[in-house]
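*Asks:* Mind having a look at this structure? Questions to follow.
Since every read-out is calculated from the coordinates, none of them should be taken as a lab result. This structure is a prediction, so every number in the text was calculated from the model and none was measured. Note that we place each Cβ from the backbone using ideal geometry, even for glycine, and neighbour counts take in every protein chain shown.
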Amino acid sequence: MKSGREGVKEMWKRFIFQDEIDERLSPIIRDSWIRSKKWEVDPFQRHGCIKKIEAERYKNLIDWSMPLMEGLYSIVKGSGFLVILCNEKGQLLKSIGDADTLLMADKIGFVEGADWSERVMGTNAIGTSIVIDQPVQIFAEEHYSQICQSWTCSAAPIHDSKGTIIGVLNVSGPYEKVHPHTLGMVVSAVKAIEYQLRLNENTEKNIMMQRFLEATTNNMKEGILIIDTEGKIIKANDQLKKLLCLGQTQLEGKKIDEFFTNKSIISNKPVYVQNQELHLKIEPSRNVHHVMIDKIPIYKDSHWIGSMIMMKEIEKVRQFVNRLSGNQAKITFDDIIGQHPHFIQKLNEAKLAAATDSNVLILGESGTGKEMLAQAIHNASKRKNKPFIAINCGGIPRDLLGSELFGYVEGAFTGAKKGGSAGKFELADGGTLFLDEIGEMSLEMQVLLLRVIQEKEVMRIGGHKVIPVDVRIIAATNKNLREEVQKGSFREDLFFRLNVMPIILPSLRERKEDIPLLAKYFISKLCNKLNKPFPEIRQDFLQALIQYDWPGNIRELQNILERTLNRNTKPFLSAKDLPEELFQPFLSQAKEELEIHKDDIKKRSLIRALHLFNGNVTKAAEHLGISRSTFYRQMKKYQISY
């Protein structure tokens, strides 16, 4: 039995012509020959198959492989070897080698673009390494195709970071110059290529991530500033530059204390700052920006490496808070129902007021719709997209009204919130502040309110900084403020400040013609709310509503209708469905007369007892079954002297 190259040649012939496989073949070669025959590879083909390659697709692989290929070639230069890079399909991408060797390769089509996959060329180092996904060296007659049998080839697959084959590095040369170390050099070069590709991939990922982060931060509504531990500015997003009116070159690389004087900003300590409101002083312009800041330390492996500062314009923060808290006017003039001429006149006055920026004073009984009118005025004004904030001056304790209106600083009083709190004037900046029940405001608070209206600036309780505010005032009361001024319970100068555009709303009993219209409107809304069908409204039902005096005005009408609908189970509404108080307006008068009658009886009983016991109060009290002190008190009440 022949050995070496001759022995392998005999094995190849018997396999090709007689389909016999020799057990002495290495498993890799044996399995590859079997696959090659199964795939009907022509072992006697005289030329490789050349196909077109999308070169741009493999640009990165070629760029990162070429330096290592050239390094590998420098080792085998002059020995007749080629260094070849292939793609994941086994197509040749690049070849480096001696001129005469390249000429030999060209004769068999072993050139760039040639398909050297196992399915096309049978057993060969390039194609077989792809199939078995491991480095392999194919010697002379171990090649399946005869045109390759004068070569010895050493190849190793190149993998990406996911382990997928993206190419093959191969060294081919004369079979007689084969060396076992050749495959080792190829494997080392492949590992170097894979390392470079991973570095490149990570670099590209980092660049892409940086672009994503830049796009994200530049589209954020907050201004973002990143500083190192020494206070040097590393990065500032577009919003911050816009907020501060500073350019990229003016910020990055500079120390933060060159621009800001606020201690919480320039402090070089890894401290958290959350929702801190401050007036940002910018050097050298001395411009001041009212902002809310957050400061977050940045760590790497538990080591502080810098901080991120986020700045939000306080006006935008407040607009957001107002939207969340419902500080928006919902009522428009279209939502206000009425056709009575006197009421229409008042609506026209309100529309004229909406076209101005003057203060408005709405007067009228409780329940006439003063706040609804205030909202409609706001929504028809140029301030309609700004906050509408309402505060009931009579519903808040006097000692708390100041902090509600003007805000307070941290530590201003016991229980003051950390960081302080903005008042209604600050929250309403740019919009409208509705002061309901203004007649209930204390004289001390009236002085402070007058100052804010005159100066258009507010100072928080316990603070020293003046905050400019642009607020339109709409006030409302059910009191006669002129009479309150005469009594001394309301400041005359404040009254004149508020009474620029006065509107006196009529009571419901003064516009009874509107009651059917209002009733049908409210019933329709209530039916939708209560998920009930709209009922037939009978004439006696409307007549009963018209005859009632409605001391609680429109608010009372709404409440009565809701109570009636909740109790009603019929498909119609008649007068019988209304509460009894609407049909007994005399009850209160009768009750008053009854009280007068009782008082008269008591007075006569006291006088009779005194006559009976000759003015002895002790005995008279015992006779009536009451204490002497009570007897004296009732004598005083009924003005009895004896």
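*Asks:* Could you tell me what percent of the DSSP beta bridges with both partners in the chain are antiparallel, to the nearest 5? Present the calculation step by step, with values, prior to reporting the outcome.
*Replies:* Values: 60 of 80 bridges.
Among the beta bridges of the chain, antiparallel pairing accounts for roughly 75 percent.
*Asks:* Considering only the other residues whose Cβ falls under 15 Å of the Cβ of R198, what net charge follows from Lys and Arg at +1 and Asp and Glu at -1?
*Replies:* Details: positive: K162, K191, K205; negative: D63, D160, E194, E201, E204.
Neighbour charge sum, excluding R198 itself: -2.
*Asks:* Continuing with the same structure: What's the percent breakdown of Cα-Cα distances in the chain across 20 Å bins, shortest bin first?
*Replies:* The percentages, shortest bin first, are 13, 22, 19, 16, 16, 9, 4, 1, 0.
*Asks:* Give me the one-decimal Kirkwood hydrodynamic radius in Å for the stretch 336-422, with the sum taken over alpha-carbon pairs.
*Replies:* 15.6 Å
*Asks:* Now, a different point. Measure up K205/K312; K162/K235; K235/K386; K9/K38 against 26 Å on the Cα-Cα distance and list the ones that go over.
*Replies:* As for pairs spanning more than 26 Å Cα to Cα, those are K205/K312; K162/K235; K235/K386.
*Asks:* Here's another thing I want to ask about it. Semi-axes of the equivalent ellipsoid of the stretch 20-130: what are they in whole Å, largest first, if each equals the square root of 5 times a C-alpha gyration tensor eigenvalue?
*Replies:* So the equivalent ellipsoid measures 26, 17, 14 Å along its semi-axes.
*Asks:* Additional query: Given an 8 Å cut-off on Cα distances and at least 6 residues of separation, report the relative contact order of the chain as a percent.
*Replies:* 7 percent
*Asks:* Let me check I have the definition right: for the stretch 4-201, take the eigenvalues of the Cα gyration tensor, multiply each by 5, take square roots. What are those semi-axes in whole Å, largest first? Please list the in-between numbers first.
*Replies:* Numbers: eigenvalues 142, 61, 51 Å².
Listed largest to smallest, the semi-axes of the stretch 4-201 are 27, 17, 16 Å.
*Asks:* How many percent of Cα pairs in the stretch 508-582 exceed 14 Å? Could you put the intermediate results ahead of the total?
*Replies:* On the way: 1551 of 2775 pairs.
Counting pairs separated by more than 14 Å, the tail of P(r) holds 56 percent.
*Asks:* Per-residue HN-Hα couplings for the stretch 67-82, Karplus 6.51 cos²θ - 1.76 cosθ + 1.60 at θ = phi - 60°, whole Hz, x for Gly and Pro?
*Replies:* Whole-Hz 3J(HN,Hα) from phi for the stretch 67-82: x, 6, 5, 5, x, 5, 5, 4, 6, 9, 4, x, 9, x, 9, 10.
*Asks:* While we're looking at this one, here's another question. Kindly identify the stretch 392-467 as rounded, prolate or oblate by the Cα gyration tensor criterion: order the square roots of the eigenvalues as a ≥ b ≥ c, call it rounded if a/c is under 1.5, otherwise compare a/b with b/c, prolate if a/b is larger, else oblate.
*Replies:* It comes out oblate by the Cα gyration axes.
*Asks:* Once both labels are modelled 7 Å past Cα along the beta-carbon direction, what's the W39-M308 spacing in nm?
*Replies:* 5.1 nm
*Asks:* I would also like to ask the following. Helix 628-637 sits at what angle to the longest principal axis of the chain, using alpha carbons and giving 0 to 90 degrees rounded to 10?
*Replies:* 80 degrees
*Asks:* Something else about it: So how do V136, V41, V458 line up by other beta-carbon neighbours within 10 Å, fewest first?
*Replies:* The fewest-first ordering by Cβ neighbours comes to V41, V458, V136.
*Asks:* With a bin width of 5 angstrom, please list the P(r) values of the stretch 326-504 as percents of all Cα-Cα pairs, from the 0 bin to the one holding the largest distance.
*Replies:* P(r) for the stretch 326-504, in whole percents per bin: 1, 8, 17, 21, 20, 15, 9, 5, 2, 1, 0.
*Asks:* Based on the inverse mean of 1/r over its pairs of different Cα atoms, what is the Kirkwood hydrodynamic radius of the stretch 425-562, in Å?
*Replies:* Values: mean 1/r = 0.0542 Å⁻¹.
Averaging 1/r across every pair of different Cα atoms and inverting gives 18.5 Å.
*Asks:* What is the sum of charges, Lys and Arg at +1 and Asp and Glu at -1, for the other residues whose Cβ falls under 11 Å from the Cβ of F613?
*Replies:* Spelling it out: positives minus negatives among the neighbours equals +1.
*Asks:* Another question about this same structure. Count the net charge of all other residues whose Cβ sits under 14 Å from the Cβ of I21, scoring Lys and Arg as +1 and Asp and Glu as -1.
*Replies:* Its environment carries a net charge of 0.
*Asks:* HN-Hα J couplings of the stretch 425-440 from phi, Karplus 6.51/-1.76/1.60, θ = phi - 60°, integer Hz, Gly and Pro as x?
*Replies:* 5, 5, 5, 8, 3, x, x, 10, 10, 9, 9, 7, 6, 4, x, 8
*Asks:* Sorting D115, D335, D228 on the 10 Å Cβ count, fewest up front, what's the list?
*Replies:* Fewest-to-most ranking of D115, D335, D228: D335, D228, D115.
*Asks:* Please arrange V447, V469, V291 by how many other C-beta atoms lie within 10 Å of their C-beta, fewest to most.
*Replies:* In increasing order of surrounding Cβ atoms, one gets V447, V469, V291.
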